[in-house]
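Below you'll find the structure, written out as structure tokens, and then a few comments.
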Amino acid sequence: MSGPSTYQPQSSFMQWLERRLPVASLVHASFVAYPTPRNLNYWWTFGGILSFMLGVQILTGVVLAMHYTPQVELAFDSVETIMRDVNYGWLLRYLHANGASFFFVAVYAHIARGMYYGSYKEPREVLWIIGVILFLLMVVTGFMGYVLPWGQMSFWAATVITNLFSAIPLVGEPIVTWLWGGYAVGNPTLNRFYSLHYLLPFVIAGVVVLHIWALHVVGQNNPTGVEPKSEKDTVAFTPYATVKDAFFIGLFCLFLAWFVFYIPNYLGHSDNYIPANPSQTPMHIVPEWYYLPFYAILRAIPSKLIGVIALAGSIILLAFLPWLDTSRVRSANYRPLYRQLLMVFFLVVVGLGYLGSQPPEGGYVIAARILTAFYFGFLLIILPLLGLFEKTKPLPNSISEAVLHEAVPVGASPPPGASA
């Protein structure tokens, strides 16, 4: 927990402000003095990366929105105008488009870390559920943004994905009509998606604040999964965590810059540089790469309704991990069998991503069905049973013991020369 702030304003102005609006003490308690487990590794930096990338996406998105025209006859040309005629418009657009991909890289790494170290277990269930909600909001926001360039892949992706709602009994057709703003994908659809794509990032920012609040209530998990028991188990967030976060964010930005400046279209689809044509269907309709695992699950199931349920369930089930995983041990470092099966699960997700990019025919469909079965089998069957039968390794008595690799009684000083 953050605990009471020890912030003492030095200047008379800050003393005056602190008595009326204690923002400085709130920031100090949350991001300076906040106690952080001393054994956090670089996998914990992806939370900071996600916050940074959200800021990049909002900033570049707001500027792009100033020049974009949400009208079907003009949308494609307005994007080309941004690229060619707006000062640094090419940079803004490539930053925004590639930033979306890197946003999902970071969120998938963040989710994988949470699953590996059991960050969803008590008392962090609400924190995890808020994270899954954030992921769902990202999925919706990213999809709506993909439609805005109004190229061939944008148009047909919008047509295919919105048509999925028609599989819902009774209310499916009215939902599709409302999303389209008529009886086909057209100008009202583009206006709806543009408005929501502009609005949802600010909703995401609000939920991120809620996510951070929940984090500061229950505290951070750590690689051992053992809760801090004394001050020796923690360090101040600043400078220890902030320096590590800043270093890794810098490396992440270098990787993003390489894509933006050297291969800006590598993660996109060439058909999206062709204006939308409702009378010409592309040979192979695929969404952005970060949706491909879920797209493969959708196509693996012959029934449209069951496929839609499986698509939604593949994400929503993640919110139930705190109850599906029955083991009392958090970290996979002390769960050998879980660690092996989790690695297989991650490979299955990557495999589904590959299959989602391939034509839905022959062996690709059979392989997608096998991997889909394992995906749901792992979450619904393997996880609950592992907690009952898995033999785990003994946990350390404290974080300090795990860091120093020897027993350090609570309240005692570490041996000379020992360091974190």
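Just so you know, all these numbers are worked out from the coordinates, no wet-lab data involved. These figures come from a predicted structure and were not determined experimentally. Please note: Cβ atoms are built from the backbone with ideal geometry, for glycine as well, and neighbour counts cover all protein chains shown.
Worth a mention:
- Rounded to the nearest 20 debye, dipole of the chain from Cβ charges on Lys, Arg, Asp, Glu: 760 debye
- Taking trypsin sites (Lys or Arg not before Pro) as exposed when DSSP calls them loop and at most 14 other C-beta atoms lie within 10 angstrom, the chain has its longest site-free stretch at 1-327.
- Selected from 63, 349, 235 as most flexible by GNM, with the chain as the system and alpha-carbon contacts under 10 Å: 63
- Segment 107-209 shape via C-alpha gyration tensor axes, a/c threshold 1.5: prolate
- Taking the chain as the region of interest, the number of lysine pairs whose Cα atoms are within less than 26 Å, with members eight or more places apart or on different chains, is 10.
- Our note on the geometry: Cα centres of segment 236-298 and segment 300-330, 25 Å apart.
- Residues 388, 92, 317, ranked from the fewest to the most other C-beta atoms within 10 Å, line up as 388, 317, 92.
- Equivalent ellipsoid semi-axes, segment 274-357, via Cα gyration tensor eigenvalues times 5, rooted, Å: 34, 15, 10
- In this Cβ point-charge picture (+1 for Lys and Arg, -1 for Asp and Glu), segment 184-342 has a dipole of about 360 debye about its Cα centre.
- Gyration tensor verdict on segment 198-322 (Cα atoms; rounded if a/c is under 1.5, prolate if a/b is larger than b/c, oblate otherwise): oblate
- Taking the charge dipole of the chain about its Cα centre, with +1 at Lys and Arg Cβ atoms and -1 at Asp and Glu Cβ atoms, the residue from 22, 228, 53 reaching farthest to the positive side is 228.
- Positive-end residue of 99, 32, 68, charge dipole of segment 1-109 with Cβ unit charges: 32
- For segment 284-325, fraction of C-alpha pairs farther apart than 13 Å, in %: 58 percent
- With respect to the chain, whose longest principal axis is taken over its alpha-carbon atoms, helix 242-262 is tilted by about 20°.
- Taken over segment 56-164, the alpha-carbon convex hull comes to 119 cubic angstrom per residue.
- Distance from segment 26-96 to segment 334-408 (C-alpha centre basis), Å: 31 Å
- On Cα atoms only, tilt of 75-84 relative to the major axis of the chain in degrees: 60 degrees
- 0 to 90° range, to nearest 10: angle between helix 125-147 axis and the chain longest Cα axis: 30 degrees
- Each of 144, 307, 332 was placed along the dipole of the chain (beta-carbon charges, centred on the mean Cα), and the one lying farthest toward the positive end is 332.
- Cα Rg over Rh - the chain, Kirkwood: 1.00
- For segment 12-102, the extents of the C-alpha atoms along the principal axes are 54, 38, 22 Å, listed from largest to smallest.
- Counting other Cβ atoms within 10 Å as a rough exposure proxy, the listed residues 233, 85, 77 run 85, 77, 233 from fewest neighbours to most.
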